[in-house]
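Written below as structure tokens is the structure these notes are about.
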Amino acid sequence: MTDATAVTGASAEARRPFVSLLAQDDHTKRRNAAEARFKAYGLGAVIIGLFFLVVLFVSIIANGLPAFTRMVVQLDFTLTQEQFDDAESKLLKTGAYQAYFVEGFDKALSERGVEVEYDAAALDRLIGKVGSIMRDFYLANPDKLGEEVVFDLPTSSRVDGYFNGRLKREDVSDSRFLQVTDLDLADELHEAGIIKSDFNWTFITGTDSGVDNPGGAGIGASVIGSFFMMVVVLVLSLPIGVAASIYLEEFAPKNWFTDLIEVNISNLAAVPSIVFGILGLAVFIQFAGLPQSAPLVGGLVLTLMTLPTIIISTRASLKAVPPSIRDAALGVGASKMQSVFHHVLPLAMPGILTGTIIGLAQALGETAPLLLIGMVGFVARGYPDNFLTGFTEANSAMPAQIYTWAARADASFYEKAWGGIIVLLLFLMTMNIIAIILRRRFERRW
């Protein structure tokens, strides 16, 4: 039996083909093919994501850049002291300034050799009534009387849209706002260099101008409102969130009460933002009597919304610090508080800053809770008088201003909304750059 068994085993070994370790068998080939397909799927997903990111970026830039430019009528104008006194002595003062402007406009056309027929109504449709603009300028700058002053007067939104491509000539029908002959006048003035493109500083520094004047609308006051809100959120949410995280992670006993707190914090991070807006309306405005539409109230509401995010990210950063750091500090005689504040907290600071910036960025882009407390776009009609009143005076925020512009019918406001998105993204990029600098500054390696 032993010899027969040995012969059978030897014959089976002789029939098995020799396979080199350097050659891939069928199982290895299938496994490598599956790995190659998975890499291809991952690369394809990255490419698709980058494609949509590029499309979004190009769309924002293409639609938002026109908001930073405007078509202006550039006119060299001189008003004498006698003309100023005469205009101020009349009952309709702005009408007198308007008449002097028309005279100066005719003179500018003659000097440049432009021969085109127009009337006062066509000039009003082109740039509006500028009498009040000129009167305000010379009342504020009486030393400019008798001197040549260059006025850059913005054209109407429809004329601006015609030069920017929003409005086609064939789509124009004669109305009290614009006529086809007005476009002929605009073309002549553009060829003569009287109408030209200029950077729209009003969009950067201005305020909301109402539904009838898209050319004068700006986002400057809303930027200031967002800044004051972010100051409130940073001053309140960072120390409260970090202190709560340190207590829960390092000092709090592990029992059902702390477990309940942790569960509620996680649930609050998923609550819709509009719920916090309703809470802020009920508590801060109706109960506490704080001023409506104020950045202070908006900052308090956004603080409540941001705290769960900061607490969760801070706890994760503290938990990521190796336990050996704590044990080493305690081993050399440090107290529990000394080990946390002198060793654990500095090592967790990069993660804490990252979580804070994420929370602030989320708060900066929120619109729904701000609308509920009255921070709509049209309330941002001016800059605060000083730093303290910036927290209590009625103002708006960039997301609310963008929402207000996007909801209006005029296509010019749609451009303003896209331009506001660009400003908002620049604000976010600035915050992230500051976070990266601070993270690198406090980062320590172990």
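Every number in this text was worked out from the coordinates using simple rules, so none of it is lab data. Just so it is clear, the structure is predicted and the values come from calculations on it, not from any experiment. Don't worry about glycine lacking a Cβ; one is built from the backbone with ideal geometry, like all the others, and counts go over all protein chains shown.
Worth a mention:
- The loop-placed GluC sites (Glu not before Pro) in the range 116-198, going by DSSP, that have at most 13 neighbouring Cβ atoms within 10 Å of their Cβ come out as GLU117, GLU147.
- Take each peptide in 355-368, 379-392, 429-442, count the other Cβ atoms within 10 Å of every residue, and average; sorted highest first, the result is 355-368, 379-392, 429-442.
- Each of the peptides 282-290, 127-135 was scored by the mean count of other Cβ atoms within 10 Å over its residues; in descending order, highest first, they stand as 127-135, 282-290.
- Positive contributions from Lys and Arg (+1) and negative ones from Asp and Glu (-1), summed over other residues with Cβ under 14 Å from the Cβ of ALA394, come out at -2.
- Relative contact order, whole percent, for the range 220-442 stands at 29, derived from Cα pairs under 8 Å and 6 or more residues apart.
- Cross-linked pairs LYS107/LYS129; LYS144/LYS168; LYS93/LYS168; LYS90/LYS144; LYS39/LYS319: Cα-Cα separations exceed 30 Å for LYS144/LYS168; LYS93/LYS168; LYS39/LYS319.
- With one equal scatterer per alpha carbon and no solvent term, the Debye-computed log10 I(q)/I(0) for the range 210-274 at 0.26, 0.28, 0.29 1/Å reads -1.12, -1.16, -1.17.
- Anchor LYS254: aspartates and glutamates whose Cα lies under 20 Å away (excluding residues fewer than 8 positions away in-chain): GLU262, ASP327
- Potential lengthening between VAL55 and ILE434 on full extension [0.36 nm per residue; Cα-Cα distance subtracted]: 133.7 nm
- Most tightly packed first, judged by the mean number of other beta-carbon atoms within 10 Å of their residues, the peptides 41-49, 80-88 read 80-88, 41-49.
- Inter-label distance for ALA406 and ARG441, nm, one decimal - labels placed 7 Å from Cα along Cα-to-Cβ: 3.4
- Extending 7 Å from the Cα toward the beta-carbon at both ASP174 and THR78 defines two label points whose distance is 3.9 nm.
- The range 73-91-the range 340-383 distance, computed between alpha-carbon centres (Å): 50
- Counting DSSP beta bridges with both ends in the chain, the antiparallel % (nearest 5): 100
- Top positive-direction residue, dipole computed over the chain with Cβ charges, set ILE285, GLY359, MET134: GLY359
- Estimated FRET transfer efficiency (LEU290, GLU148; beta-carbon r; R0 41 Å; 0.05): 0.20
- Pairwise FRET efficiency - VAL332 versus THR389, Cβ, R0 = 56 Å, nearest 0.05: 0.60
- Within the shell of other residues whose beta carbon sits under 15 angstrom from the beta carbon of ILE224, the net charge comes to -2, with Lys and Arg scored +1 and Asp and Glu -1.
- Debye log10 I(q)/I(0) for the range 350-446, one point scatterer per Cα, at q = 0.15, 0.21, 0.25 Å⁻¹: -0.73, -1.09, -1.24
- Span-like helix ranges in the chain, DSSP H, alpha carbon extent 30 angstrom or more, Kyte mean at least -0.5: 26-64, 220-246, 295-320, 411-442
- Building the convex hull from the alpha-carbon atoms of the range 220-442 and averaging its projection over directions returns 14.1 nm².
- The charge dipole of the chain, taken about the Cα centre with unit charges on the Cβ atoms of Lys, Arg (+1) and Asp, Glu (-1), comes to about 3080 debye, rounded to the nearest 20.
- For the range 157-245, trypsin sites (Lys or Arg not before Pro) meeting the loop criterion (DSSP other than H, G, I, E, B) and having at most 14 other Cβ atoms within 10 Å: LYS168, ARG176.
- For THR69, the residues 5 or more places off, or on other chains, whose built amide H falls under 5 Å of its own are ASN200.
- Contact order relative to length of the chain, as percent, for alpha carbon pairs under 8 angstrom and 6 or more apart: 18
- Amide hydrogen proximity for GLY218: with H placed 1.01 Å from N in the peptide plane, the residues at 5 or more positions away or on another chain lying under 5 Å are THR207, ASP208, SER209.
- Computed extension length for ALA320-ALA282: 9.8 nm, one decimal, from 0.36 nm per residue of separation with the Cα-Cα distance subtracted.
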